[in-house]
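The values are calculated or read from the model by the stated rules, or taken from the named source; none is laboratory data. As the structure is a computational prediction, the values presented were derived from the model and not from experiment. Glycine also receives a Cβ, built like all others from the backbone with ideal geometry; neighbour counts cover every protein chain displayed. Surface accessibility is based on the protein's heavy atoms, side chains included, excluding ligands, DNA and RNA. Shrake-Rupley method; radii C 1.70, N 1.55, O 1.52, S 1.80 Å.
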Amino acid sequence: MDTFEGYRRPDGRIGVRNHVAVLPTSVAASPIADRIASDAGRWARATPHQMGTSQPDEGRERTRTVLAGIGLNPNVGAALVVELGTEDLDAESLADDIAASGKPVETLAVREAGATAAALERGAELVADLSEEISDQTREAADVSELVFAVECGGSDATSGIAANPAVGAAADRLVDAGGTVCISETPEFIGAEHIAAERCVDEATREKLLDRVARRERLADLMGVDMRGAQPTPGNQEGGLTTIEEKSLGALAKCGTRPIRHVVDYGEEIPVGGGVTVMDTPGYDVESVVGKVAGGAQVVAFTTGRGSTTGNPIAPVIKVTGNPRTAERLASNMDVDASTVIDGEALTEAGERVYRTLRSVANGAETAAETRRLEEFAINERQPRELAAEGER
Amino acid sequence: MKGRILDERALVMADEDTVATALTDLEAGDRLTDADPPLTVTEAVPFGHKIALTDMAAGETVRKYGEVIGEASVSIARGAWVHTHNCDSTRGRGDQHATAGVRDSGGSEDGGPL
């Protein structure tokens, strides 16, 4: 039985990190949240974002879903919700949603605290108390079946589909066979490969939902009257040898392995734990896509890159895997697994084994390159008026 | 790695593929003798980019991974570099749909053009 050691939360879930999350409810509270976390130390992680104090209902619901999901992510031991005080999104009720898991949660309103200096001071006290409350948490043995492993790709090139994605896919298969969960997203990158993904769906309802979501993403291009070729594949993808979205998608799908697709969930929605692959409907933008999956409960992320992305996440460790030998050399200090060896003849099963071993050691506490360098991008996917209009027409 | 390697310099992912992927920078005149019949690269093909394994007429499908990745926008000769200048996606072409009003299926329920 494959195990790892993590932090058991009051709701029964198991985290691989013991962070105090500092969650701003709007862009107005984001700089304060960021400062509180960075002044406190490495154990405190802020999620600054660009959402305004006043959003349309659908947009506000999404912001709330994502922030609640981040607070509920098992890598978070305790949370501080920070507001300016003018937000439509109610900090107290967001804090209640997170506290329902049994985790300690506090709120801070900048206006009530007096001003920013007073808020920073009060914030420092609150996160110190929260940290104290979870300091007695120690790692305990857990089965890998409790892991939710998110897979992502960014800065793809031709090596992604040949080496890095199949290597991560081999690790994904190992995890699923051990009872664990894999979550793939980036719906636009199913265009041209959806027939293969559809065949892997466990039932008709899942298949229909998947095809519907892919069609909706493609239709967005239609609605806007744009030629998707300018953006997908991106100019960088094209320079790396990827000619069409179909080619990019066929390579991208390999990173979730070959096992059955059991669920299709919305952006930031909870990922069902246990034994299979879940598709989350997200945009292709890496940072927002990773954040969606972490809000869905993913504890660890594998991020494949051909051309060399350095992105991370504040809450979940991000394992960087490259299949490009030049990137492996030039960006060595930002990479965790070199899968370019596959191009020189290393068996995919062996490269997959290295990814799987890295996944387990990172789950046990080993730092990823992005964690060491504090690369912690965070962005919430905002629901666009055209996107909402497209749904309204259905 | 899945697929078949040609002269340690190019990779064919599946038997039905009409393109191979360069595993190194290829130059005009380079020979891939493992191809059947042996093939001469007719122009520079950078690492990761594609070489035509067969002659393809305009409109013919281009295959990699054993799947359709697009179609030839002009005729492509065996040994040529295959990329955005001669191979088009068949998907995500909102520009064409919007101007021509063409839908692949379904009419307004499927979300007609705005």
**Message:** Any residue that is at the interface with chain B (Cβ under 9 Å from one of its Cβ atoms), assigned to a helix (DSSP H, G or I) and open to solvent by less than 10 Å² (accessible area, probe 1.4 Å) - is there at least one of those in region A:222-244?
**Reply:** no
**Item:** All strands (runs of 3 or more DSSP E) inside region B:1-86 with 2 or more residues being within 14 Å of chain A (Cβ to nearest Cβ) and small (Gly, Ala, Ser)
**Value:** B:19-22, B:67-72
**Request:** Determine which member of the set A:13, A:35, A:17 is touching a Leu at 6+ places or on another chain (Cβ under 7 Å) and either in contact (Cβ under 8 Å) with a residue 12 or more places away in the chain or on the phi > 0 side of the Ramachandran plot (or both).
**Result:** A:35
**Asked** Of the residues that make up region A:148-169, is at least one part of a helix (DSSP H, G or I) and open to solvent by 40 Å² or more (accessible area, probe 1.4 Å)?
**Response** no
**Request:** Return a yes/no flag: does region A:372-388 have any residue that is out of contact with any helix residue (DSSP H, G or I) (no Cβ under 8 Å at 6 or more places or on another chain), in contact (Cβ under 8 Å) with a residue 24 or more places away in the chain and among the polar types (S, T, N, Q).
**Result:** no
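Please give the strands (runs of 3 or more DSSP E) falling wholly within region A:268-348 in which 3 or more residues are more than 14 Å from chain B (Cβ to nearest Cβ), in contact (Cβ under 8 Å) with a residue 60 or more places away in the chain and among the β-branched types (Val, Ile, Thr).
Of the strands (runs of 3 or more DSSP E) lying wholly inside region A:268-348, those with at least 3 residues that are more than 14 Å from chain B (Cβ to nearest Cβ), in contact (Cβ under 8 Å) with a residue 60 or more places away in the chain and among the β-branched types (Val, Ile, Thr) span A:276-280, A:300-305.
State which residue is nearest to residue B:84 (Cα to Cα) when the search covers only region B:21-55 and only residues that are small (Gly, Ala, Ser) and over 13 Å from the mean Cα position of the chain (by Cα).
Here the answer is B:44.
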**Request:** Within region A:124-168, work out how many residues are within 14 Å of chain B (Cβ to nearest Cβ) and hydrophobic (A, V, I, L, M, F, W, C).
**Result:** 5
**Meets criteria (closer than 29 Å to residue A:207 by Cα and buried (at least 24 other Cβ atoms within 10 Å of the Cβ)) for residue A:304** = yes
**Prompt:** Is it true that residue A:207 is part of a helix (DSSP H, G or I), open to solvent by 30 Å² or more (accessible area, probe 1.4 Å) and more than 13 Å from residue A:359 (Cα to Cα)?
**Reply:** yes
**Fill in**
Across (1) at pLDDT 95 or above; (2) open to solvent by 60 Å² or more (accessible area, probe 1.4 Å), residue A:136 clears everything bar (1)
**Message:** Please pick out the residue among A:53, A:47, A:65 that is surrounded by fewer than 18 Cβ atoms within 10 Å (Cβ to Cβ) and within 28 Å of residue A:383 (Cα to Cα).
**Reply:** A:53
**Request:** Would you point out the residue of region A:210-220, among those that are away from chain B (no Cβ under 11 Å) and open to solvent by 10 Å² or more (accessible area, probe 1.4 Å), that is farthest from the chain's Cα centre (by Cα)?
**Result:** A:211
